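Written out below as structure tokens is the structure these notes cover.
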Amino acid sequence: METLDAIDRRLLVQLQRDAATPLDALGEAVNLSRNACWRRIKALEAAGVIKGRVAVLDADKLGLGLMVFIMIRTNAHAPDWLTQFRQATRAMPEILGVYRMTGDLDYLIRARVADMAGYDRLYQALIHRVPLSDVSASFVMEEIKDTAELPL
């Protein structure tokens, strides 16, 4: 899929808000028939624009009330270390995002745990799986905005 037209963009906005919206309602929102809407969604999925559909859960209600950003600086930049780091972080379900950064920081990890003891378990598991030289963490006190919706 080379370019998105206005209808594709409106459809994606609607799907980002609620991927479970019935096709009839989606079609009405973007001024398409049910079948035309379904074909566009399938084309967007085939093109990889829509990577998946998920349910957005309430972390607090599931006992995962502490979000933490873990900042890592490392002296190890060899390909085998990076492979080990990738495998370790991808295997830990508490870790929601891992980002290789520019500037003073090498990696930033976003994670969800129940509490400080949960963070300590995560930290201990991480340093057990991969050697790290400088790790610090910041804990979220208030989530002012947290969305996965892209600005279309």
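The values are calculated or read from the model by the stated rules, or taken from the named source; none is laboratory data. Every value quoted in this text rests on a predicted model; they were computed, and no experiment measured them. Because the Cβ atoms are built from the backbone with ideal geometry, glycine has one as well, and the counts that use them run over all protein chains shown. Please note that ligands, DNA and RNA were not included when accessible areas were found on the heavy atoms of the full protein model with its side chains. Shrake-Rupley method; radii C 1.70, N 1.55, O 1.52, S 1.80 Å.
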Find the residue count for the range 99-142, including only residues that are free of Cβ contacts under 8 Å to residues at least 12 places away in the same chain and under 12 Å from ILE72 (Cβ atoms).
-> 4
Tally time: how many residues in the range 40-53 are open to solvent by 40 Å² or more (accessible area, probe 1.4 Å) and touching a Leu at 6+ places or on another chain (Cβ under 9 Å)?
-> 3
Looking only at the range 116-134, which residues are more than 25 Å from GLY63 (Cα to Cα) and open to solvent by less than 60 Å² (accessible area, probe 1.4 Å)?
-> VAL130, LEU132
State all residues of the range 1-33 that are β-branched (Val, Ile, Thr) and closer than 13 Å to LEU150 by Cβ; if no residue qualifies, say none.
-> VAL13
Return yes when THR89 is in contact (Cβ under 8 Å) with a residue 12 or more places away in the chain, within 28 Å of GLU143 (Cβ to Cβ) and of a type in the set (Ser, Thr, Tyr) and no when it is not.
-> yes
If you scan the range 74-115, which residues turn out to be outside any helix (DSSP H, G or I), loosely packed, with under 15 Cβ neighbours inside 10 Å and among the acidic types (Asp, Glu)?
-> ASP104, ASP115
